[in-house]
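Below you'll find the structure, written out as structure tokens, and then a few comments.
The values are calculated or read from the model by the stated rules, or taken from the named source; none is laboratory data. Nothing here was measured: the structure is a model prediction, and the numbers come from that model. Methodologically, a virtual Cβ is constructed for each residue, glycine included, from the backbone with ideal geometry; neighbour enumeration extends over all protein chains shown. For the accessible areas, the whole protein counts, side chains as well, though only heavy atoms, and no ligand, DNA or RNA atoms are used. Shrake-Rupley method; radii C 1.70, N 1.55, O 1.52, S 1.80 Å.
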Amino acid sequence: MPGSRLSVVVTRRLPEAVETRLKELFNVELNESDVPFSREQLVAAMQRADVLVPTLNDEIDQRVLAQAGEKLRLIANYGAGFDHIDVQTARQRGILVSNTPGVLTDDTADTTMALILMTMRRFKEGSNVMQSGDWNGWSPSAFLGARVGGKRLGILGMGRIGQAVARRARPFGLQIHYHNRKKVHPAIEDELEATYWESLDQMLSRIDILSINCPHTPSTFHLLNARRLKLMKPSAFVVNTSRGEVIDENAFTRMLRAGDLAGAGLDVFERGNVVNPRLRGLDNVMLLPHMGSATHEGRLEMGEKVIINIKTFADGHRPPDQVVPAML
Ligand code: DGY
């Protein structure tokens, strides 16, 4: 591999600076139209490329991987989440997988805070009234929401993003609670004055806001199922900037509609871009189109990470952000 120019197929448009640098370094095929690849196009790309640069739109499962060409050696994902890639099967076929961790942390944590504020303080409803021209002036009883300060925030998944959420939430007066596979380092717990709950069930019944910041893996699929959601207080809010699959969306929607939960801020959905229509009409639900990490700076940094991963691999080393099945 060292010395030869790798053939790289990129499945979506990336920032211009990233595409330019990729073209300088490799034999690159870009997706000028930016239309997501069909399954057939994805397979064809994986048959002609040494390196594939997919995004979360590309479902790279066992069947797709079985048709990959002999040349394909690296899947350098443009994104932090890699639940759309069957990492185990890729590894068995000798294909490395890398991602772009760390550079989306702050933007995603900012989005989480925005969703907490938007939903608890009913800013969406306020904005809708202004946009429609229906505002009749200030009233002591209009748009009353829940005060953020003093509430208990439960963070599900205390990795990089969960910790960044906690750091932002503290100055708003939120008390930090968390559930994670492992307790975080005592120095971080002290800094955040965070309370660890080994039992997710116990945490859920005591918090006022739940922020989902764990990845989607086989063990977190529907972690928030109907039984667990029912443990939450009817006055509680749920914010999800991670992956929709962590919540049983049908059960969740039913509870929101019935008033068994106070509200939700959702940037991600169980069926990708197919949003449950019964979520759409709800005043107490703020929906965003998976834009939690959508900043110019973040997208550039993601591209830089992809380039470093491919370049390091081309130079005969393991990509610094290699994903291994043990991370699942
Ligand atoms: C990722 O990279 O996994 C994010 O979800 C994109 O916002």
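Candidates 107, 86: the one that is among the acidic types (Asp, Glu), more than 22 Å from residue 266 (Cα to Cα) and in contact with a helix residue (DSSP H, G or I) (Cβ under 8 Å, 6 or more places away or on another chain) is 86.
Yes/no per residue for (1) in the same structural domain as residue 231 (by TED's automatic domain parsing); (2) without any contact (Cβ under 8 Å) to a residue 60 or more places away in the chain:
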position: 262; (1), (2): yes, no
position: 265; (1), (2): yes, no
position: 269; (1), (2): yes, yes
position: 276; (1), (2): yes, yes
position: 306; (1), (2): no, no
position: 311; (1), (2): no, no
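For the range 13-38, the tally of residues that are part of a loop (DSSP other than H, G, I, E, B), open to solvent by less than 50 Å² (accessible area, probe 1.4 Å), closer than 17 Å to residue 76 by Cβ and not aliphatic (A, V, I, L, M) stands at 4. Elements of the type helices (runs of 4 or more DSSP H) sitting completely within the range 39-97 and holding at least 3 residues that are more than 14 Å from the ligand (Cβ to nearest atom) and open to solvent by 80 Å² or more (accessible area, probe 1.4 Å): these cover 39-48, 87-92.
Going by what's in this entry, would residue 191 be described as assigned to a helix (DSSP H, G or I), of a type outside the set (Phe, Trp, Tyr) and touching a Lys or Arg at 6+ places or on another chain (Cβ under 9 Å)? The answer is yes for residue 191. Of all residues in the range 163-188, those satisfying the criterion of being over 18 Å from residue 148 (Cα atoms) and part of a helix (DSSP H, G or I) are 163, 186, 187, 188.
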